[in-house]
1. When the dipole is taken about the Cα centre of segment 21-60, and only Lys, Arg (+1) and Asp, Glu (-1) are charged at their Cβ, what size is it in debye, to the nearest 20?
2. Just how many % of Cα pairs in the chain lie over 29 Å apart, if you round to the nearest whole percent?
3. Once you've got the Cα coordinates, tell me which of LYS46/LYS154; LYS6/LYS154; LYS97/LYS131; LYS115/LYS159 are over 26 Å apart.
4. For the chain, which DSSP H helices look membrane-span-like by this rule: Cα extent along the axis of 24 Å or more and mean Kyte-Doolittle of at least -1.0?
5. Report, in debye and to the nearest 20, how large the dipole of the chain comes out about its Cα centre when Lys and Arg carry +1 and Asp and Glu carry -1 on their Cβ.
6. Looking at the chain, what % of its DSSP beta bridges pair antiparallel, to the nearest 5?
7. With a 1.4 Å probe and every protein chain kept in, tell me what percent of the accessible surface of the chain is carbon plus sulfur.
8. What value, in deg cm²/dmol to 500, does the helix sum -39500 (n - 2.57) over DSSP H runs of n ≥ 4 give at 222 nm once divided by the residues of the chain?
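The values are calculated or read from the model by the stated rules, or taken from the named source; none is laboratory data. In this text, all values refer to a predicted model and were calculated from it rather than measured experimentally. Cβ coordinates were reconstructed from backbone atoms using ideal geometry, including for glycine residues, and neighbour counts include every protein chain displayed. Remember, those area values only see protein heavy atoms, side chains included, never the ligands or the DNA or RNA. Shrake-Rupley method; radii C 1.70, N 1.55, O 1.52, S 1.80 Å.
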Amino acid sequence: MFGKNKVCTFRICSPVYIILYGYNYSELNPLLSEIMELLNITVDIKEIEKTFIDTPCGQGDIWVFGDHAKNCIVFDLYREPTDQLDIIDFGVICSNKMYNRMYELIYAMYKEINKKVKFRAYDINTPLWAKSVINGDDVFKYCNYIDKSFATQKIRYIK
């Protein structure tokens, strides 16, 4: 639980196309659509896709849609230089009263992802960027595990 309003957080790592379009890569992922509807947030998935594709390896911002302190959808569009599956970090910050339904949707998304990509360890809670987003920080600072240096990502808030 974070913030003054005691919100809950969820995250999933997945190929960007499964998050946006679902396992069968057709139209908008129905689970993402339900998440947007529950939070009353609209995300332009074509813009997310284009931005991710146009981002050079080793770069990428965190995009936050909605009210960062209460209800929002987060796309961490960092492109890992060695990633061949186009994995992104997708997350949700929402009020506690939405916890049960949001957990069902995020878990369903996890099961959908697991059809295509097998992860040995998985955590749908505690995203690393959560505290920075909830606080409204302009950047997210983290430790680069490869060379133990500190790195930063810009956080873009889109209302």
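1. Once rounded to the nearest 20, the dipole reads 100 debye.
2. 11
3. Result: LYS115/LYS159 exceed 26 Å.
4. 99-116
5. 540
6. Of the beta bridges lying entirely in the chain, close to 85 percent run antiparallel.
7. The computed percentage sits at 50.
8. -9000 deg cm²/dmol
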